[in-house]
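What follows is a single structure, written as structure tokens, with notes after it.
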Amino acid sequence: MKLWAHRGCSQRYPENTLLAFEKAAAVQGLTGIELDIQLTKDGQMVVIHDERVDRTTEGIGFVRDYTLSEIKRLHIYADSHRSQHIPTITEVLDLLEPVLKAGVRLNIELKNSIYPYDGMEEKIIELIRQRGLENHVLYSSFSAKSLEKIRRLEPQAELGIL
């Protein structure tokens with residue numbers, strides 16, 4: 001059996017937060033960690049599942065309508081856990097890079113089936129290349145067009161259609 005931490009350790013901690021990823025990284029025998037990326041209004045890659053911020057924060061509206069500085073002011077609360085913020089993919093990679101290089105996989109889901117984010121594929125491929133993580137990442141999406149674009153940009157990338 002392969003054990004994947006969906007949106008980090010999201011059954012116990014707020015999903016897609018640094019806390020959830022930190023806790024997932026500590027799980028022994030973990031195969032991989034899954035997360036979701038979207039772009040802010042100013043083109044920054046953030047880690048959040050829903051296209052809207054309403055369910056997980058006190059904010060209202062679409063991720064794509066917030067700048068990074070605006071989205072960083074939102075809070076994510078869950079039970080008694082300390083307040084969290086929507087992280088950037090860079091913050092998550094900073095946290096997870098040691099466990100990724102030790103063998104844990106990262107499934108990056110491109111959340112672009114409802115609202116296509118122009119340039120998201122190029123941005124994530126470039127960031128993963130810069131960090132030397134190509135062999136530790138797989139990309140998934142509900143959008144076949146997005147995965148076709150990933151394939152053109154990174155022919156060796158592991159892909160998963162949802």
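Only the coordinates and a few stated rules stand behind these numbers; no lab work does. All values derive from a computational prediction rather than experimental measurement. Cβ atoms come from the backbone with ideal geometry, glycine included; neighbour counts cover every protein chain shown.
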* Take every Cα-Cα pair in region 88-162 and report what % of them are more than 13 Å apart. => 64 percent
* **Size of charge dipole - the chain - debye, nearest 20, with Cβ of Lys, Arg +1 and Asp, Glu -1, no other charges** => 240 debye
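Roughly how big is region 40-108's charge dipole about its Cα centre, with Cβ charges of +1 (Lys, Arg) and -1 (Asp, Glu), in debye to the nearest 20? Working shown, then result.
Numbers: 9 positive and 11 negative charges, 27 e Å.
Rounded to the nearest 20 debye, it is 120 debye.
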* What is region 1-123's relative contact order, in percent, from Cα pairs under 8 angstrom and six or more apart in sequence? -> 28 percent
* Treating the Cα atoms of region 20-92 as identical point scatterers in vacuum, please give the log10 of the normalised Debye intensity I(q)/I(0) at q = 0.12, 0.23 Å⁻¹, two decimals. => -0.34, -1.06
* To do: Quickly rank 141-148, 60-67, 106-113, 152-159 as a protection proxy: mean count of other C-beta atoms within 10 Å, highest first.
  => 106-113, 141-148, 60-67, 152-159
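Sorted by average packing, counted as other Cβ atoms within 10 angstrom per residue and highest first, what order do 40-49, 17-26 take?
Packing order, densest peptide first, comes out as 17-26, 40-49.
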* To do: Give the percent of DSSP beta bridges with both residues in the chain that are antiparallel, rounded to the nearest 5.
  => 25 percent
* Flagged links, alpha-carbon separation over 22 Å, of Lys41/Lys72; Lys23/Lys123; Lys111/Lys149 -> Lys23/Lys123
* Structure fact -> Of every Cα-Cα pair in the chain, the percentage lying beyond 28 Å is 16 percent
